[in-house]
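Read the structure below first, then the notes.
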Amino acid sequence: MHADITNTAWPPHQVETLPWRQQIRSGTREDRELSSVDATIPPLIRTLDYMPPLAVLLETEKALLAVAQADTDAQAGTDAEGHSAALSRFMVRSESVASSKIEHISASALDYAQAVAGNRGNASAMSIVAASAALHELITTVEQHGRFELEHIISAHRALMLDDPSEASYAGRLRDMQNWIGGSDYSPRDALHVPPAPERVAELMTDLVAYLNRDDVPVMVQAAIGHAQFESIHAFTDGNGRIGRAMVSAVLRRRGVTRNAVVPLASGLLARREDYFASLGAYRRGDPAPVVSLFARSARAAAECSRGTIARLKALPDVWAAELRPRAGSAAAALIQAFYDHPVMSAAEIEARSGSAASQAYRAIDQLTRAGYIQEITGRKKNRVWAASEALAELDDLDRRIQAAMA
Ligand SMILES: Nc1ncnc2c1ncn2[C@@H]1O[C@H](COP(=O)(O)OP(=O)(O)OP(=O)(O)O)[C@@H](O)[C@H]1O
């Protein structure tokens, strides 16, 4: 039972001074001479209640309504499997692209499509594909189990970092070293935030998971506080921003606000990067209102802008079919649907999905390419890959519109 549901207070983080000895022989003399570090101790939150100020509470209501409406749009009129699964994958991509941009990881739609097709040439594009996989995995496992487990978060981190050239050995592992945000690269000197000592991480994560599994906390409050608490803990050596934002989409799914859609609220945070980071600082000082408010506004902008995108994407196969007028049962008719469900396909996949002989499939590819719906993205003669460029362009457009709405 809630002791006080009008509680607008939240405990500030504590600080402990720990001995520090630099392991790497780089940096300035000041870095090397640093002998202690003030690490934060976030509060245990599993039983805490927080009620935002009325104005913020109203923002969260508007956000939930908008997200639920976008989710209904994503589902309406779609068949059980194909269409809604395709839309859901598309939105996962939008969120992952924006979430990665917050960490200055970006790639063109073309590089991204090439990475989806297995091209390992662009590390940023590969990392965004991995972020999509991690987000998809976290949302679906939490949805299937109806609850968060620490292992789900760790497993999403593994998916995010597995192919990272410098971080692969820490993929799927809670950190066992001190980390810090901002300041010097070599020591926690002048850091913006020094997360808790590594020995505290396991207990804090168990506590956070218990908080995320509560059903007696307002949804946006749970999503925003859960995220801020995770960023305070910074449980991994790398990837904390992206995993922390993936948790927000998983909260919305677990609480039933979304059933199909993933709203790309990271685009909203990206537009307000400074405010976003400042709100995490306010949370540490004991004021969750700014982070709850920012997440509510971002979710609302993302949901409202997504509705137009969902409508346009859903209409694409019909628009293409009306323009191209393919014969029923032809390879072109099959490929229109196939490219909607799978915007990036190799020649072999196209052939399989066209349901026709290779020669007919290639004729259909030519038709769709000439119409400007798809384009070959490798420039190679062999192992070629085609992407539904018009659908992928919607991804950039959505990000742009959400950012404009948040400006
Ligand atoms: N002042 C701050 N206090 C707490 N958390 C912050 C602060 N500034 C940024 N963050 C959070 O930390 C994330 C970035 O963390 P960091 O720079 O350590 O990168 P990371 O752990 O490598 O994560 P990723 O690679 O996904 O960014 C930001 O996206 C944000 O969520």
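The values are calculated or read from the model by the stated rules, or taken from the named source; none is laboratory data. In this text the structure is predicted, and so the values were computed from the model without any measurement. Neighbour counts run over all protein chains shown; Cβ positions are idealised from the backbone, glycine included. All accessible areas refer to the heavy atoms of the entire protein, side chains included, with ligands and DNA or RNA removed. Shrake-Rupley method; radii C 1.70, N 1.55, O 1.52, S 1.80 Å.
In whole Å and largest first, what semi-axes does the C-alpha gyration tensor of the stretch 1-65 yield when each eigenvalue is scaled by 5 and square-rooted?
After diagonalising the Cα gyration tensor, the semi-axes are 41, 16, 9 Å.
Please work out how much length the chain gains when fully extended from Glu323 to Asp366, using 0.36 nm per residue of separation minus the C-alpha to C-alpha distance, in nm with one decimal.
14.0 nm
How much accessible surface area, in Å² rounded to 10, belongs to the heavy atoms of Thr206 with a 1.4 Å probe?
Rounded to the nearest 10, the figure is 80 Å².
List the pair-distance distribution P(r) of the stretch 124-264, using every Cα-Cα distance, as the percent of pairs falling in each 5 Å bin from 0 up to the bin containing the longest distance, rounded to whole percents.
Here the calculated profile for the stretch 124-264 is 2, 10, 20, 23, 20, 14, 7, 3, 1.
Taking a temperature of 37 °C and a viscosity of 0.692 mPa s, what whole-number D in µm²/s does Stokes-Einstein yield for the stretch 217-369 with Rh from Kirkwood over alpha carbon pairs?
The calculation lands on 179 µm²/s.
Rounded to two decimal places and with Rh computed the Kirkwood way over Cα pairs, what is Rg over Rh for the stretch 14-308?
So for the stretch 14-308, dividing Rg by the Kirkwood Rh gives 0.97.
So what is the relative contact order for the chain, in percent, with contacts set as C-alpha pairs under 8 Å and at least six apart?
21 percent
Output the Cα-based Rg and Dmax of the stretch 269-349 in Å, rounding Rg to one decimal and Dmax to a whole number.
Values for the stretch 269-349 (Cα only, Rg and Dmax): 21.3, 65 Å.
Based on the alpha carbon coordinates of the stretch 66-202, what radius of gyration and maximum Cα-Cα distance (Dmax) apply, in Å?
When restricted to Cα atoms, the stretch 66-202 yields Rg and Dmax of 17.7, 56 Å.
Just the Cα atoms of the stretch 82-124: what Rg and Dmax do they give in Å?
11.3, 33
Order these peptides, 289-299, 27-37, by their mean beta-carbon neighbour count within 10 angstrom, highest first.
289-299, 27-37
What ratio of Cα Rg to 2.2 N^0.38 Å holds for the stretch 49-118?
Expressed relative to 2.2 N^0.38 Å, the Cα Rg reads 1.53.
Which order, highest average first, do 334-346, 211-223 follow once you tally other Cβ atoms within 10 Å for each residue and take the mean per peptide?
334-346, 211-223
Select from Tyr340, Gln22, Leu64 the residue farthest towards the positive end of the dipole of the chain; place +1 on Cβ of Lys and Arg, -1 on Cβ of Asp and Glu, and compute about the Cα centre.
With unit charges placed on the Cβ atoms, the residue in question is Tyr340.
In debye to the nearest 20, how big a dipole does the stretch 325-397 give about its Cα centre with +1 on each Lys and Arg Cβ and -1 on each Asp and Glu Cβ?
500 debye
Any chance you could check the Cα centroid distance between the stretch 361-407 and the stretch 74-145 for me, in angstrom?
Result: 15 Å between the Cα centres.
If you wrap a convex hull around the C-alpha atoms of the stretch 1-147 and split its volume per residue, what is the figure in Å³?
Per-residue hull volume (Cα only) is 237 Å³.
Indicate the gyration tensor shape class of the stretch 325-397 (rounded, prolate or oblate), computed on the Cα atoms with a ≥ b ≥ c the square roots of the eigenvalues: a/c under 1.5 is rounded; otherwise a/b larger than b/c is prolate and the rest oblate.
Oblate is the answer for the stretch 325-397, as a/c is 1.5 or above yet b/c matches or exceeds a/b.
Given the options Ser108, Ser88, Ser232, state which has the largest fluctuation in a GNM of the chain using a 10 Å cut-off (strictly under) for Cα springs.
Sorting by GNM fluctuation, first place goes to Ser108.
What is the gain in length, in nm to one decimal, between Asp176 and Ala197 on full extension, counting 0.36 nm per residue of separation less the C-alpha to C-alpha distance?
Additional length available on full extension: 6.7 nm.
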